[in-house]
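Peer 1: Before we start, here is the structure in question, set down as structure tokens.
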Amino acid sequence: MSFSFPRFVAGQSLLEQLSAERMNAMLDAIEECQLWEGANVCITRGPGGSTISADAPSDSPDLTHNYQVYDVSTEEETKISVRPGNHNNVIPDIDGTPINEKIEEEYPALTVNEEDTIVWFQLNLDDDGDIENIEMHSGETLPENDETTVYQICAMIEIKDGHVINLEGGVSGSQWFQMCNATPLFGLQ
């Protein structure tokens, strides 16, 4: 399918060039474009819009995006799942289940509330500052760090009509973590 749009003129004011005809032509083109699933690509359609997820082929595991948050809401509950990742080789869990373990063919899901805007990692530390375990939680504000617990934003979320429609990642891969004079330091592994 090919679309022909009027071209904009360099140097001319954008406001002078915008017209209802041009805007409607773009909207018509967008509405006519139908997204299709393909190899390793899944499209989840919901009332708030569509989410495109791409899984790496099984023979290319390095292409997965660790800690990618995605909507898995049902009619009964608003929930998210998180693609597996780790901090210093410690796997986070959701309600006691590691995020890399499937239960009945599904990864664990975190139930989120309508007012939640943040999904975070809660790193529980031992006396030496090493990670004992990591839990995933959500809420409106990130809790404060202390000597035994450190928090890191995983994603910012927006919920509409019982679905998570906006997922802005705060983490883009497995994490390296170290305490330095009571200051948590994070970085990509």
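The values are calculated or read from the model by the stated rules, or taken from the named source; none is laboratory data. Remember, predicted model here, so these are calculated numbers, not experimental data. Using ideal geometry, Cβ is built from the backbone for each residue, glycine included, and neighbour counts are taken over all protein chains shown.
Peer 1: Can you tell which of 110, 125 is in contact (Cβ under 8 Å) with a residue 40 or more places away in the chain, buried (at least 16 other Cβ atoms within 10 Å of the Cβ) and out of contact with any Phe, Trp or Tyr (no Cβ under 6 Å at 6 or more places or on another chain)?
Peer 2: Working: 110 fails: in contact (Cβ under 8 Å) with a residue 40 or more places away in the chain.
Among 110, 125, only 125 is in contact (Cβ under 8 Å) with a residue 40 or more places away in the chain, buried (at least 16 other Cβ atoms within 10 Å of the Cβ) and out of contact with any Phe, Trp or Tyr (no Cβ under 6 Å at 6 or more places or on another chain).
Peer 1: For the stretch 1-17, what are the residues that are modelled with pLDDT of 70 or more, assigned to a loop (DSSP other than H, G, I, E, B) and surrounded by 10 or more Cβ atoms within 10 Å (Cβ to Cβ)?
Peer 2: Hits for the stretch 1-17 are 8, 9.
Peer 1: Out of all the residues in the stretch 76-89, which are modelled with pLDDT under 90 and more than 14 Å from residue 138 (Cα to Cα)?
Peer 2: 83, 84, 85, 86, 87, 88, 89
Peer 1: Further question on the same structure: Does residue 134 meet the test of being modelled with pLDDT of 90 or more and not aromatic (Phe, Trp, Tyr)?
Peer 2: The answer is yes for residue 134.
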